[in-house]
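Scroll down for the structure; my scribbles are underneath it.
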């Protein structure tokens, strides 16, 4: 069964920033290839939402992180949650792996999502 994808505003903003960065730092071909790859990954999560790992595998603060998952590719980490009742995979953020992903995920969940 395929789940519906829902992107939080933060995830959409992450994609827009990535799109701008890629066209500035590289070219249209790299931009299209990268965004197509991310779209393919999101489609995989819609079909198989349990592909990711619990966030607790990335950070230590279990109390805030129950029900959240990360899916890591070579270049990006997707933070998401699954809403079984609504049949949705909710994409919260998309981080570049050059960032301190564990810190960014923990900060987001503790200060933004659960605030």
Longest principal axis of the chain (C-alpha) makes with the long axis of helix 28-47 (C-alpha) an angle, in degrees to the nearest 10, of 20
So how tilted is helix 9-25 from the main axis of the chain? Cα-based, degrees 0 to 90, rounded to 10. 30
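What ranking do 22, 45, 85 get, fewest neighbouring Cβ atoms within 10 angstrom at the top?
Numbers: 22 18, 45 21, 85 6.
Listed from fewest to most nearby Cβ atoms, that is 85, 22, 45.
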Go ahead and set up a Gaussian network model of the chain, Cα springs under 10 Å, then flag whichever of 73, 29, 41 fluctuates most. 29
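Arranged by the count of other C-beta atoms within 10 angstrom, fewest first, what order do 110, 1 take? Provide the component values of the computation, followed by the final result.
Numbers: 110 15, 1 6.
Ordered from fewest to most neighbouring Cβ atoms within 10 Å, 110, 1 come out as 1, 110.
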Order by neighbour count: 19, 28, 33, fewest other Cβ atoms within 10 Å first, most last. 28, 33, 19
Which label in (1) 42, 33, 23; (2) 41, 38, 22; (3) 37, 32, 24 gives the computed Cα extents along the principal axes in Å: (1)
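Rule-based calculations on the coordinates, nothing more; no lab input. Quick caveat, the model's predicted, so the values are computed rather than measured. With ideal geometry, Cβ positions are generated from the backbone for all residues, glycine too; neighbour counts draw on all protein chains shown.
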